Amino acid sequence: GANIGMVSRQLHQIYSAATVYAFEPHPQLFDQLKQEAPAAIIPINAALSDRTGTAQFHLGARPETSSLLPRPADGKRYYPADAVMLSTREVPLLTLDSWAAQSNLQVDLIKLDVQGAELSVLRGATQQLSRSVKGVYAEVQFVNLYEDACLFHEVVAFMAGQNFQMFALYDLNYATDGQVVYGDALFIRK
């Protein structure tokens, strides 16, 4: 999700002629994004996925940890003790392909940070990936922080099948025992 739009504003500064479409399903984060976004950033109050409709969105005490996916019931916990889920809320789901077709737009760059649902969003964007997308910057997880979350190797394999190669990893985060937990990956069209 776009959160409060910090990265959206950075992208707009880099690509000043572009319009940035910022999808954010969290109600409070969306409200703040909507209030603070400049005209070239269009906030959309929905979650991206591989299907359209609605889904339960898990709201976290730390809003940035909110996700379409619940926390795992068991297993090692890599998140802070205060990063608990408080409730759920039904949110609209869109696929990037259906939204782009309805909006008559082509997407050039995709930035994803959707708490383990990145592969679902990418599966809903295959038309855009095959037509116009030049790069994808996505958060990737190396351990299951959420139930049924996609892992790094799954995203790499999917992107390879879409004719994208991984360029680099950024902002890697490690557990106290030194295990890599999550980070960001840049994929570029081959």
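The values are calculated or read from the model by the stated rules, or taken from the named source; none is laboratory data. Quick caveat, the model's predicted, so the values are computed rather than measured. We place every Cβ from the backbone using ideal geometry, glycine too, and count neighbours over all the protein chains shown. When the accessible area is computed, the model is the full protein with side chains, heavy atoms only, and any ligands, DNA or RNA have been set aside. Shrake-Rupley method; radii C 1.70, N 1.55, O 1.52, S 1.80 Å.
Step by step: first the residues of segment 1-46, then only those that are of a type in the set (Asp, Glu) and open to solvent by 70 Å² or more (accessible area, probe 1.4 Å), then the one that is modelled with the highest pLDDT. Which residue is that? Steps first, please.
Residues of segment 1-46 that are of a type in the set (Asp, Glu), as a first pass: 24, 31, 36.
Within this subset, residues satisfying the condition of being open to solvent by 70 Å² or more (accessible area, probe 1.4 Å) are 31, 36.
On the way: 31: 95, 36: 92.
So, considering only residues that are of a type in the set (Asp, Glu) and open to solvent by 70 Å² or more (accessible area, probe 1.4 Å), the one modelled with the highest pLDDT is 31.
Considering only residues that are polar (S, T, N, Q) and in contact with a Gly (Cβ under 9 Å, 6 or more places away or on another chain), look in segment 129-144 and name the one that is most open to solvent (accessible area, probe 1.4 Å). This residue is 144. Restricting attention to segment 81-119, the residues that are polar (S, T, N, Q) and within 15 Å of the chain's Cα centre (by Cα) total 2. The residue pairs whose first member lies in segment 1-30 and is assigned to a helix (DSSP H, G or I), whose second member is of a type in the set (Ser, Thr, Tyr), and whose beta carbons are closer than 9 Å, counting only pairs six or more residues apart or on different chains, are 7/137; 8/21; 12/19; 29/66.
Look at (1) surrounded by 19 or more Cβ atoms within 10 Å (Cβ to Cβ); (2) out of contact with any helix residue (DSSP H, G or I) (no Cβ under 8 Å at 6 or more places or on another chain) and you find that residue 49 fails only one, number (2). Checked against the criterion of being under 14 Å from residue 111 (Cα atoms) and surrounded by 18 or more Cβ atoms within 10 Å (Cβ to Cβ), the candidates 152, 164, 158, 187 yield just one match: 187. Identify the residue in segment 68-101 that is β-branched (Val, Ile, Thr) and out of contact with any Gly (no Cβ under 8 Å at 6 or more places or on another chain) and, among all such residues, is most open to solvent (accessible area, probe 1.4 Å). Residue satisfying both the conditions and the ranking: 88.
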